[in-house]
Amino acid sequence: MAAFFQNLHRTLAAGVVLLIVIIILVGSLSGQFIRFDAGWWRFFVRWLHIMTGVMWVGLLWYLNFVQTPTVPKIEPAEHRAAVTKFIAPNVLFWFRYSALATVIFGLILAWSKDYLVKALTLHRPAYVIGVGMWLALIMAFNVWFIIWPNQKKVLGIVEASADEKAAAGRRAGVTSRINTMFSIPMLYCMVAQQNAGL
């Protein structure tokens, strides 16, 4: 059993199989099976939007709550290279692409439910989710066009002097903290649209 769960791909496949079993079981018990109509596909896109959003914000919070404050405390300092050479590049890969996927699925969902333009132009009844969408779009822009280009310098993926690396690290760090700040009202607005309003 332990060997099975040490493999991420098998664990993810098991999660999908478990979901299918739950869907079949609940359908059998309730007599209501999935109808692959437009409503179900919208729900499916929403689920993908939430799944990728959990990964994006989860990695953002991991970076800000765990990795960034902990790495400077690692002694001896040479051991920090394990983070910068192996962990950080992998985290930043999933961070970037989960941000991209979250935005794409969110825009598809808003378009399919006919509120994309109203939300982006902050018109009723979609102004609350529109605020959340704009915060998410700013955050995704920050990930791709400020954090990642600067982190490439910090990690040595792009050639940079020691001074340039230090400046890039500060710029990426501050932008990441701004995204962490934005994530709080962004998540609230995303949930408030359907559930509570402001």
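Descriptive notes on the structure:
- Selection status of Arg177, without any contact (Cβ under 8 Å) to a residue 60 or more places away in the chain and either in contact with a helix residue (DSSP H, G or I) (Cβ under 8 Å, 6 or more places away or on another chain) or open to solvent by 30 Å² or more (accessible area, probe 1.4 Å) (or both): no
- Any hit, region 131-145, residues being surrounded by 16 or more Cβ atoms within 10 Å (Cβ to Cβ), more than 28 Å from Ala88 (Cα to Cα) and under 18 Å from the mean Cα position of the chain (by Cα): yes
- Check on Gly15, within 30 Å of Gln193 (Cα to Cα) and not hydrophobic (A, V, I, L, M, F, W, C): yes
- Phe93 falls short on exactly one of the conditions (1) crowded, with 16+ Cβ neighbours inside 10 Å; (2) more than 19 Å from Val45 (Cβ to Cβ); (3) of a type outside the set (Asp, Glu); (4) within 15 Å of the chain's Cα centre (by Cα), and that condition is (1).
- Against the conditions (1) under 19 Å from Val191 (Cα atoms); (2) surrounded by 18 or more Cβ atoms within 10 Å (Cβ to Cβ), Pro125 satisfies every one except (2).
- Just one of the numbered conditions (1) touching a residue at least 60 places away in the same chain (Cβ under 8 Å); (2) closer than 25 Å to Trp61 by Cα is not true of His79: (1).
- Tabulated pairs, region 1-23, first farther than 16 Å from Met51 by Cα, second open to solvent by less than 100 Å² (accessible area, probe 1.4 Å), C-beta under 7 angstrom, 6+ apart or interchain: Phe5/Thr11; Arg10/Phe4; Ile23/Ile34
- For region 15-40, a residue qualifies if it is assigned to a helix (DSSP H, G or I) and in contact with a helix residue (DSSP H, G or I) (Cβ under 8 Å, 6 or more places away or on another chain), and exactly one does: Ala38.
- The set of residues from region 146-156 being β-branched (Val, Ile, Thr) and either modelled with pLDDT under 95 or open to solvent by less than 30 Å² (accessible area, probe 1.4 Å) (or both) comprises Ile147, Val154.
- Yes/no for Pro72 being without any contact (Cβ under 8 Å) to a residue 12 or more places away in the chain and assigned to a helix (DSSP H, G or I): yes
- Count of residues meeting criterion [surrounded by 10 or more Cβ atoms within 10 Å (Cβ to Cβ) and either in a helix (DSSP H, G or I) or among the aliphatic types (A, V, I, L, M) (or both)] in region 5-14: 6
- Filter result (more than 22 Å from Val91 (Cβ to Cβ) and surrounded by 15 or more Cβ atoms within 10 Å (Cβ to Cβ)) within region 30-75: Val45, Arg46
The values are calculated or read from the model by the stated rules, or taken from the named source; none is laboratory data. Please read all numbers here as calculations on a predicted model, not as lab measurements. Backbone-built Cβ (ideal geometry, glycine too); neighbour counts: all protein chains shown. Please note that ligands, DNA and RNA were not included when accessible areas were found on the heavy atoms of the full protein model with its side chains. Shrake-Rupley method; radii C 1.70, N 1.55, O 1.52, S 1.80 Å.
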